[in-house]
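Written out below as structure tokens is the structure these notes cover.
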Number of protein chains: 2
Amino acid sequence: MAKEKKVAGAGSRPEARLPKGFRDIGAAELAQTRAMLDTIRGVYESYGFEQLETPAIEYTDALGKFLPDQDRPNEGVFSFTDDDGQWLSLRYDLTAPLARYVAENFQTLPKPFRRYATGTVYRNEKPGPGRFRQFTQFDADTVGTDNLAADAEICMLAADTLEALGIKRGDYVIKVNNRKVLDGVIEAIGLVGQENAGRRLTVLRAIDKLDKFGPEDVRLLLGDGRKDESGDFTKGAGLSPNQVATLMEFIERASESAALMRSAARSGDIFNNDVDQGYFVLREGGSFYQSQLCIDGHQELETIRGLLRGAGYGMNQIIIDYSVVRGLEYYTGPVFEAELTFEVKDEKGNPVRFGSVGGGGRYDGLVERFLGQKVPATGFSIGVSRLQAALNVLNAADASAPLGPVVVLVMDKGELPRYQRMAQELRRAGIRAEMYLGTSGMKAQMKYADKRGAPCVIIQGSDERDKGEVQLKDLIEGAKAAAAIADNKEWKESRPAQVSIKETDLVAGVREILARHGVTS
Amino acid sequence: MAKEKKVAGAGSRPEARLPKGFRDIGAAELAQTRAMLDTIRGVYESYGFEQLETPAIEYTDALGKFLPDQDRPNEGVFSFTDDDGQWLSLRYDLTAPLARYVAENFQTLPKPFRRYATGTVYRNEKPGPGRFRQFTQFDADTVGTDNLAADAEICMLAADTLEALGIKRGDYVIKVNNRKVLDGVIEAIGLVGQENAGRRLTVLRAIDKLDKFGPEDVRLLLGDGRKDESGDFTKGAGLSPNQVATLMEFIERASESAALMRSAARSGDIFNNDVDQGYFVLREGGSFYQSQLCIDGHQELETIRGLLRGAGYGMNQIIIDYSVVRGLEYYTGPVFEAELTFEVKDEKGNPVRFGSVGGGGRYDGLVERFLGQKVPATGFSIGVSRLQAALNVLNAADASAPLGPVVVLVMDKGELPRYQRMAQELRRAGIRAEMYLGTSGMKAQMKYADKRGAPCVIIQGSDERDKGEVQLKDLIEGAKAAAAIADNKEWKESRPAQVSIKETDLVAGVREILARHGVTS
């Protein structure tokens, strides 16, 4: 009907529609999200992180511009001016507002400052399938320390969180790299100085696409460029064949090293130093192991690895993976990625992996932007809907819609207070219940109860009222009986879906029906 | 320091500051909010309402403009254009998005559709003390029925919710009026037709200010206008003395009627029909009881009252109060207001009442805007921060900051994995714990633990390690001991704040300290 009206009344009436890239979320999904966020919150609080909530709107200059793939100014962020002409923006992540908060309250905060935050963020980007312009993140950050134990702890936190959510060891992996290693390799091939900043970014992005495109296409993106299936051409970083060869050698060794670790972990060899160290990535390398940055980065990773293994986290939980990039420009040291490794079938029956459900890293420059003094920080952000989608696949059995409320039908409009009292009596006994609030007859009321997923309805006409009775109709049994009625009439008679009980036994009678369907209250 | 820098580096560095009217919220307040929202959610779900979440951003034309006191176009709402030039706005309430949702999904929704929603809304208005540009609402609405039982239920829901939050009967009142009554009185004084729409709105707003300004100022606002203490002049509705007299008579009778009901309720006479009916407001009136609207409105209120009293809700919970206005233009029938009536002392020791913490009403036109067909609806919205502020006053005893995490000090940087394992052991036993993640010495670490509100710290230097021991220092006892040390040295010695225990008894030892401070885990 809405569609017809759109044509007929387009001039006079607004069209009821959502802007592209936004969505409405229903009760079942919201209840799952809430349970998931509570679990994450529990783990984060057990680690001593304290919640902080900053507003959705900040000054544009305070947020800065740190989105990946953001080549054009004003791209990626929803912005508007305040009454006084200053630019405001909707936050695009929870890290930039944290930096503003820390800078604003630096004198009074405990140091290190450990906070978690969850909330919606907004990206003014082109939406796609499963890619929205408003989504929820869940972040934990430790600000004000360059201690690598803070980075190691973020990895432990990520692993503990995924396990608390029911993801088994082996079904996930937390991957750790250090931006310095890759920066060092890039330095070793001579891509230095301010004049090469743009090309360095192109290189990082090309490498970040390894999982998506494969090594051959990355090679093209490092060189002259790549034409995709649709014929669109993406300009490359323009490196020389030698430079490309060095980078590709590093990338391939890094991937090989990660593969080795995973295979060791799968075989149960989860604390195997030789494999774990991944030295060979660098040690046997050629030109790229000449950069001090590279050596520093590697040594930091060794420190983190030692802390992780010492605290009992094995290669089946957290690995050093030199191929991890993370797109954000502001990372300055260790970077993290939480990946789900189990395979699921997509709609066409093809196996797919969920991939990344969160990531983070060390960003030593964000607070410095404001204060002019170094305030090192490290953190991790979970993409809530992605993770929830994965959990739904894992827990497919539990994904059935929850039961709706018990519905008290209105058989006699003069008796509304009586029906309302019945609903109240059930509520006070902890049972979700409502009186039908429409104005339609019995048939429409039954249809309403079905649509709400009601486990049963309560019926009291004048006959029952005179006898001090109510009828309970079990809608779930009723549906089964209706389905079986053609070939199994006796079954229906022996397990009637409708019973008469005394009005005073209302709560007990409803409880019995709920118990039959696995609900105890 | 931040302030000094502001001057020194203003040109090169952004200033870390929040836009006016926005605020950061800390862990203690957030935990209270969460508990409060969970209680509200529990009541709403028990009534059969299902949660729905709509996005923060909607098309401007879909939201419409229904803010109170919004005389200028584009005022009150944060708006910006999408890539395709269409106007987007941040939602200013949760009702306008609900109307869009219902219109968009009308065919498939159960009818009536009963949904609750909670989320932040945004007002581009001048902020003031306790008045922010981003705040949280909690709404319940029943859409698609003109059954007055739905309005009555909203009132019951509001009363049950406040009581579930610990607000006692007598400390709150839900006030019900009907917009039709006032519209009828306004009609009776001849303020009819499109040409008087602006004046009708001025009249409504003037009456809405009765509690704030008192009857004399309302009289001025209905007539030529009112000059406030600062000398600013507000233009009035320009009614004739006769019109003003009729309106004022109605208003004064309405207030008198409400006062009578409250006094009956206080005396325990909570189902007193003579007082409750409030007939005399209209029956003994003069010219204003000639409007059919007025009579209809009154009869609707009588129906609602019958449903409420029949369901057992007395005048000590819900009253008919003919003086309630509610500023929003879109209400078309019954309107509700939840008021907290208990007095508290303000900072200067003067008694103040909290006043309104929520309100709502029937809005039969909002979905019709889209569909062109009548879709009657009624709902209620709680102002979450206002209500929370009130609860904080009521539960002042519980408002102390919760304990922070146990902090494992780092005495020996070579033993980080060992300290981290201790923290883990505590977490796995359900105790919040963290290893110190900074790089400073013992004194700074103790200061950090104090700032975090840690109940105790765990200390293990090489001596303790060699003996397989740890030291537990109870910071709360320690602080007491330090305060008492001058005059009560023995007390300190008899209840030492620091004990040595075996490392294997870590969890038990910490539990003992937590139990001493009222925490069981």
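So which GluC sites (Glu not before Pro) in the stretch B:291-392 end up in coil per DSSP with only 14 or fewer other C-beta atoms within 10 Å?
Those that pass, being in a loop and sparsely packed, are B:GLU347.
Fewest Cβ neighbours within 10 Å first, please rank B:PHE233, B:PHE271, B:PHE80, A:PHE370 accordingly.
Result, fewest neighbours first: B:PHE233, B:PHE271, B:PHE80, A:PHE370.
Just tell me how shielded B:151-157 is by partners: mean number of partner chain Cβ atoms within 10 Å of each residue's Cβ, no decimals.
Rounded to a whole number, the mean comes out at 2.
Using only the alpha-carbon atoms, how far is helix B:197-208 inclined from the longest principal axis of chain B? Give it as 0 to 90 degrees, nearest 10.
50
Any idea what the A:ASP228 label distances to the other copies are, label 7 Å down the Cα→Cβ vector, nm, shortest first?
Spelled out, the distances from A:ASP228's label point are 5.7 nm.
Using a Förster distance of 45 Å, how high is the FRET efficiency between A:ALA31 and A:ASP505, based on the Cβ-Cβ distance and rounded to 0.05?
It comes out at approximately 0.90.
Short version: ³J(HN,Hα) in whole Hz for each residue of the stretch B:366-378, in order, from phi by Karplus 6.51 cos²θ - 1.76 cosθ + 1.60 (θ = phi - 60°), x for Gly and Pro, what are they?
Running phi through 6.51 cos²θ - 1.76 cosθ + 1.60 with θ = phi - 60° gives 5, 6, 4, 3, 8, 8, x, 10, 5, 9, x, 8, 8 Hz.
Ranked from highest to lowest mean number of other Cβ atoms within 10 Å per residue, what is the order of the peptides A:425-432, A:210-217?
Descending packing order for the listed peptides: A:425-432, A:210-217.
Can you work out the Karplus-derived ³J(HN,Hα) for every residue in the stretch A:226-242? Use 6.51 cos²θ - 1.76 cosθ + 1.60 with θ = phi - 60°, whole Hz, and x for glycine or proline.
Residue by residue, the stretch A:226-242 yields 9, 9, 8, 4, 7, x, 5, 9, 9, 5, x, 7, x, 6, 6, x, 5 Hz.
In degrees, nearest 10, range 0 to 90: what is the angle between the Cα axis of helix A:506-516 and the longest Cα principal axis of chain A?
The answer is roughly 50 degrees.
Just to confirm the numbers: A:GLU249, label point 7 angstrom along the Cα-Cβ line, distances to the other copies in nm, shortest first?
So the distances to the same position in the other copies read 10.2 nm.
Going 7 Å from Cα along the Cα-Cβ axis for the label, what nanometre distances separate A:GLU347 from the same residue across the other copies?
Listed shortest first, these distances are 5.9 nm.
Other chains near A:431-442: what is the mean number of their Cβ atoms within 10 Å of each residue's Cβ?
Per-residue shielding by partner chains comes out at 6.
Arrange the peptides A:95-103, A:412-420 so that the one whose residues have, on average, the most other Cβ atoms within 10 Å appears first.
A:95-103, A:412-420
For helix B:27-46, what angle does its Cα long axis make with the longest principal axis of chain B, in degrees from 0 to 90 and rounded to 10?
50
Using a Förster distance of 35 Å, how high is the FRET efficiency between A:GLU249 and A:ASN350, based on the Cβ-Cβ distance and rounded to 0.05?
The computed FRET efficiency comes out at 0.65.
Can you name the chain A residue with its Cβ nearest the rotation axis from A to B, and give the distance in Å as a whole number?
A:PHE80, 2
Any read-out appearing in this document is the output of simple, stated calculations on the displayed coordinates, not a laboratory observation. Since we're looking at a predicted model, the values are computed, not measured. Neighbour counts are summed over all protein chains in view; Cβ atoms, including those assigned to glycine, are modelled from backbone coordinates with ideal geometry.
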